Structures are given as C-alpha cells and as structure tokens.
Amino acid sequence: MDNPLILYGCAVTLAGFALLYIALVIWSPSPIITHDSEKKYRSYKSPKKPLLLTPLGDSSTVDLTVVIPAYNETERLPLMLTQTIDHLSSLKKKRTYEIVIVDDGSSDGTSDLSLKLAAKYPKSDIRVVTLEKNLGKGGAVRHGMLYSGGERLLMVDADGASRFEDLEALWDAMDKLAPNGGAGVVVGSRAHLVKTEVVVKRSLLRNILMYGLHTILRIVGVGHIRDTQCGFKLFSRSAAQQIFPAQHLPTWIFDVELLLLAKQLRIPVAEVPIEWHEVAGSKLNVVTASLQMLRDLLIVRANLLLGRWKTVPLKAKSE
C-alpha cells in the first residue's frame, strides 16, 4: 500500500510543478520586439527625416544620456524639460549630453510637442523616438537605454517629481562607486521622506502601493534597497550594457527587475537621498496595479531562479 501511495503522491507533485511551469510560461511577457522605425529619431535639426540612434553596444558618444519615457505627457513634459536643460546648461564643468524622449505610443501628440520643445532649445541634442504601440513605462525606458550614446545614462520621469539638480549627488556617488568606466547603478531614494509631510500627506494610492511593495520586495530579494520605485536612476554604460538587454518586464514594476539583474550580475548599487514632490496625473489604478505588481515580481523571480531568463556579464569594461 505504501508504494502506490508514494508513487501517487510523487505523480501529483510532479503534475503540480508542471502546471505551475506552464502557468509561468503563459504569464511571462512576450519578448519585446523593436521595429525598424523605432531605431531612429527626429530632432530639431531633422524633424522630417529620421536619423539612426546610437546602439548601446557601441562606444559612448556623449557624457550623459537622459532617457525620458513619455506616455500622453503634453501637459507635464514642458516644465520638466525646461528644468532639465536649465540645470545641464548651468553647470560650470560642462558635460556633453543628449536627451532621448521615448513617446510610448501616446495619443495626445506627445511626439509633436517634443519636437516643438526641441526647436525651443536648439543648442541641446533632443531626440524624439516614437514607439509604434504602447509598451508600458518599462518598455519605453528599456528602448531608450538600448539606443543611447551616453557614458552615463539617467532615467527620469516626465512628470518632474524629482528635482533634476539632484543628478549631481548621483553623479558624485557614481564617481566613487564605479570609477574609470566600471559597472555601477545609483538610485535616487525618497526613503528619508517616509515620515515627513511629503509622504504622510500624499495620496492614499501611493502610500498603499509603497507599503505593499516593501513587503513583497523582501520576499523576492531586493529588500536591501529602501526605495526601488523612484524614477531617477543613473547607470554607467558598462552596467546598462549588461542589464537592459536582459530586461523583460515592460510594466511599471520594471525597476525591481533592473535591481534584481544588477544583484545577479554583481553590479554594485548605491542609494542616494533626493528631493521629491508628488505631481498630479498618476495613471495607476490601485487595485489593478497591486495585482499586476505581485504577479510580475513572482514571474521575474521564478524565471531567474529557473534559468529561463539569463544574464550575461561583460568580459571587459565599456570603453
């Protein structure tokens, strides 16, 4: 009697694992396809004829690339871009830079507005990329990073919630973390604001998401980072070349996948306090976002543990 029961138990267990594996395959996002038109950009100098973007695998062409994912951001983008360019133009020690605005399949004319803004700042290299369909914030950031020429690459939200001047704090931290072009990631953090009015009085939506996310992050393995979701992160080119080709999530929780990938690749990560304020216009729904968050984080962790998604370290640092 014991042997049949053991065999039956093993069969049930194997069937359960098989069903879970099939569910993982079904729920995992499809590979992100890059269309030929998305490998090109328009600018003030070439508003009609698209030009080729710089692949991440190539050597850097400028000191800094600012990647701005934009989905229906005609109202918030102008002020954010002004603050960005004002800061970069005011630096005593000048940096060469490019700004890559990735229009994530907007329906409000974000690309057209971006080109008008580019004409307003002719001395800045503002590149407008239009995705053929909406991918999600993670997909837009990934695309911008994969086609950037910066030795350092900054992702920043189009809403202007982060103070752009805090780039200097991230820059200094990167100098210490990854000197001489080494691999490193520096994340802007709002953790120091948790007990201040900035967070206490902010929307219930953001607070619910914040506390729920912190619990899950400890489970999936990035609890060492106090604020994973701040949309203000700086990558060295070497780190970006390893992380972004391995990114799969196009959704808003992609930041956690990036940090998990950095951990798996043994790329050092530093967290730097920055100033932040809430900006109206969030496109998240608390119920659907929470469920999507839980599903996506479990999918990422399972795929990495089972080896379905793999990372490939660079053999040598980026030149």
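Some points to look at:
- From the list MET155, MET174, the lone residue that is under 22 Å from ARG266 (Cα atoms), open to solvent by less than 40 Å² (accessible area, probe 1.4 Å), assigned to a helix (DSSP H, G or I) and at pLDDT 95 or above is MET174.
- Odd one out for GLY307 among (1) modelled with pLDDT of 85 or more; (2) in contact with a Leu (Cβ under 9 Å, 6 or more places away or on another chain): (2)
- Check on GLU98, in contact (Cβ under 8 Å) with a residue 60 or more places away in the chain and of a type in the set (Asp, Glu): no
- Tally of residues being more than 21 Å from PHE244 (Cα to Cα) and open to solvent by 40 Å² or more (accessible area, probe 1.4 Å) across segment 28-44: 2
- If you go through segment 240-266 and keep only what is over 13 Å from the mean Cα position of the chain (by Cα) and farther than 18 Å from ARG301 by Cβ, you end up with GLN241, GLN242.
- Only a single item in (1) surrounded by fewer than 21 Cβ atoms within 10 Å (Cβ to Cβ); (2) modelled with pLDDT of 95 or more; (3) more than 19 Å from GLU151 (Cβ to Cβ) is not met by LYS48, and it is number (2).
- Considering segment 66-97, and only residues there that are in a strand (DSSP E or B) and more than 21 Å from HIS35 (Cβ to Cβ), the residue that is least open to solvent (accessible area, probe 1.4 Å) turns out to be VAL66.
- Residue count, segment 261-287 (criterion: at pLDDT below 90 and either over 21 Å from ARG190 (Cβ atoms) or of a type in the set (A, V, I, L, M) (or both)): 6
- All positions within segment 177-196 that are part of a helix (DSSP H, G or I) and either modelled with pLDDT of 95 or more or closer than 16 Å to PRO273 by Cβ (or both): LEU177, ALA191, HIS192, LEU193
- Test result for GLY139, assigned to a loop (DSSP other than H, G, I, E, B) and open to solvent by less than 40 Å² (accessible area, probe 1.4 Å): no
- Filter result (assigned to a loop (DSSP other than H, G, I, E, B) and either without any contact (Cβ under 8 Å) to a residue 60 or more places away in the chain or more than 19 Å from SER124 (Cα to Cα) (or both)) within segment 51-65: PRO55, LEU56, GLY57, ASP58, SER59
- Candidates in segment 235-279 are the residues that are among the small types (Gly, Ala, Ser) and either in a helix (DSSP H, G or I) or without any contact (Cβ under 8 Å) to a residue 12 or more places away in the chain (or both); of these, the one that is surrounded by the fewest Cβ atoms within 10 Å (Cβ to Cβ) is ALA246.
The values are calculated or read from the model by the stated rules, or taken from the named source; none is laboratory data. This structure is a prediction, so every number in the text was calculated from the model and none was measured. Because the Cβ atoms are built from the backbone with ideal geometry, glycine has one as well, and the counts that use them run over all protein chains shown. Side chains included, ligands, DNA and RNA excluded: accessible areas come from the protein's heavy atoms. Shrake-Rupley method; radii C 1.70, N 1.55, O 1.52, S 1.80 Å.
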